[in-house]
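Report on one structure; see the data block that follows.
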Amino acid sequence: MTNEITEKIKQASDGLLMISESEYPFEAFLWSNQAQESMTAQKLLQLTGHSLETSIEEVELDYIFRNCAVEKEWQNEIQKQNVQKYQSLIKILKDSLTDIQVYRIGTISIDVYIVGKTSSGDLAGISTKVVEI
């Protein structure tokens, strides 16, 4: 079941890029048996191999996708299709995972992790990177 979730997330994010000062693809991930205790910033830093001193902030899911999942009048057809793909990705994340949390790790070159619980007690989600100058 859990592999199906990561597969769905992979398919939904295929070809999409996180747009910031740079563009990065998304990567689906799965951390087995990690959902017993609550997700915390410290726990995420440990799971991702970041130093515990690294700056980390929690943001809303909609905030992360604020620039790419909302249709704008000036967008061309391809951009509008991408908006629908982002909306589809968000829906799959919300349908497949509970207690979704979004973390931004670091500054300037920021690792983004969208993490939620699966019904089988794993943590799964998607990661990407944003660059903010």
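The values are calculated or read from the model by the stated rules, or taken from the named source; none is laboratory data. Every value quoted in this text rests on a predicted model; they were computed, and no experiment measured them. FYI the Cβ positions are ideal-geometry reconstructions off the backbone, even for glycines, and counts take in every protein chain you see.
Quick grid of which residues meet (1) farther than 18 Å from Lys129 by Cα; (2) of a type outside the set (Ser, Thr, Tyr); (3) surrounded by 11 or more Cβ atoms within 10 Å (Cβ to Cβ):
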site	(1), (2), (3)
Ala41	no, yes, yes
Trp74	yes, yes, no
Gln87	yes, yes, yes
Asp95	yes, yes, no
Failed condition for Ile114, given (1) closer than 14 Å to Leu30 by Cβ; (2) of a type in the set (A, V, I, L, M, F, W, C); (3) more than 11 Å from the chain's Cα centre (by Cα):
(3)
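Here are Asn67, Asn33: which of them is at positive phi and either at pLDDT below 95 or among the small types (Gly, Ala, Ser) (or both)?
Numbers: Asn67 fails: at positive phi.
Selected residue: Asn33, the only one of Asn67, Asn33 that is at positive phi and either at pLDDT below 95 or among the small types (Gly, Ala, Ser) (or both).
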Being in contact with a Gly (Cβ under 6 Å, 6 or more places away or on another chain) and at negative phi is true for just one of Ile90, Ile114. Which residue is that?
Ile114
Pair list, Cβ under 9 Å, 6 or more apart: the range 54-76 residue within 30 Å of Lys43 (Cα to Cα), other residue among the hydroxyl-bearing types (Ser, Thr, Tyr) and not in a loop (DSSP other than H, G, I, E, B):
Ile56/Tyr103; Glu57/Tyr103; Glu58/Tyr103; Val59/Tyr103; Ile64/Thr128; Phe65/Tyr86; Cys68/Tyr86; Ala69/Tyr86
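Residue check: is Lys91 in contact (Cβ under 8 Å) with a residue 40 or more places away in the chain and charged (D, E, K, R)? Quick ask: steps written out before the conclusion?
Values: in contact (Cβ under 8 Å) with a residue 40 or more places away in the chain: no; charged (D, E, K, R): yes.
So Lys91 does not fit the description; no.
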One residue from Val130, Val115 being surrounded by 11 or more Cβ atoms within 10 Å (Cβ to Cβ), at pLDDT below 95 and assigned to a strand (DSSP E or B):
Val130
For Ala69, indicate whether it is surrounded by 11 or more Cβ atoms within 10 Å (Cβ to Cβ) and either assigned to a helix (DSSP H, G or I) or in contact with a Gly (Cβ under 9 Å, 6 or more places away or on another chain) (or both).
no
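Which ones in the range 18-48 are assigned to a strand (DSSP E or B), touching a residue at least 12 places away in the same chain (Cβ under 8 Å) and within 20 Å of Val59 (Cα to Cα)? Talk me through it step by step, then tell me what you get.
First, the residues of the range 18-48 that are assigned to a strand (DSSP E or B): 18-19, 23-25, 27-31.
Applying the additional criterion that residues be touching a residue at least 12 places away in the same chain (Cβ under 8 Å) yields 18-19, 24-25, 27-31.
Of everything in the range 18-48, those that are assigned to a strand (DSSP E or B), touching a residue at least 12 places away in the same chain (Cβ under 8 Å) and within 20 Å of Val59 (Cα to Cα) turn out to be Met18, Ile19, Tyr24, Pro25, Glu27, Ala28, Phe29.
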